[in-house]
Amino acid sequence: MAKDVLQQAYLKILEGQAKLKDASKAKTWLFSIIRYTAIDEIRKVGKVISLPYSYDPMEIHEEVDATDYEEIIKLLPEMQREVILMVFYHQMTIAQSAEILQIGLGTARTHYDRGKKKLKEIITKVQIQEEYGK
């Protein structure tokens with residue numbers, strides 16, 4: 001599905017459906033196109049999973065290795081995960097990530113700070129579970 005989304009995003013650019021207005025913002029522009037193409041594709045597929053009322057995002061049910069940061073980041077709420085990934089893995093500023101996600105800079109900073117705190121909390125919890133065994 002990811003490859004299809006990427007291909008569709010490139011087609012939008014090639015066909016002129018998406019136009020770059022400011023060359024200095026090419027990276028954020030490209031990520032925005034890919035993100036919204038992915039959202040459109042997910043809506044078409046209609047895969048929505050409802051969470052039970054008792055859902056606690058901090059409950060770690062499956063075995064997660066404290067050094068497996070990919071899996072740990074997946075435990076974050078969506079917006080926190082998005083901002084953290086853009087800033088740490090894609091070397092964007094918080095302002096650039098806010099622009100891509102179409103949220104305010106203050107909101108992006110809040111998601112970034114809360115995401116970092118939650119990551120620390122999750123990593124600590126996973127390390128304790130590994131050390132003492134659930």
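The values are calculated or read from the model by the stated rules, or taken from the named source; none is laboratory data. Just so you know, these numbers come straight off a predicted model, no measurement behind them. Quick reminder, even Gly has a Cβ in these numbers, built from the backbone with ideal geometry, and neighbours come from all protein chains shown.
Search the range 10-24 for residues that are closer than 15 Å to I34 by Cβ and pair each with any residue that is outside any helix (DSSP H, G or I) and of a type outside the set (D, E, K, R) when their beta-carbon atoms are under 9 Å apart and the residues are at least 6 apart or on different chains.
L11/Q17; K12/A18; I13/L20
Name every residue in the range 106-132 that is over 23 Å from E70 (Cβ atoms) and over 16 Å from the mean Cα position of the chain (by Cα), in order of residue number. Can you show your working first?
At the first step, the residues of the range 106-132 found to be over 23 Å from E70 (Cβ atoms) are 106-107, 109-110, 132.
Residues satisfying the conditions are G106, Y132.
Could you tell me whether the range 110-130 includes any residue that is modelled with pLDDT under 85, of a type in the set (D, E) and not assigned by TED's automatic domain parsing to the domain that holds Q7?
Looking for residues that are modelled with pLDDT under 85, of a type in the set (D, E) and not assigned by TED's automatic domain parsing to the domain that holds Q7, one finds at least one in the range 110-130, hence yes.
Of all residues in the range 97-112, count the ones that are in a loop (DSSP other than H, G, I, E, B) and either touching a Gly at 6+ places or on another chain (Cβ under 6 Å) or polar (S, T, N, Q) (or both).
Narrowing the range 97-112 to residues in a loop (DSSP other than H, G, I, E, B): 102-104.
Next, only the ones that are either touching a Gly at 6+ places or on another chain (Cβ under 6 Å) or polar (S, T, N, Q) (or both) stay: 102.
So the count comes out to 1.
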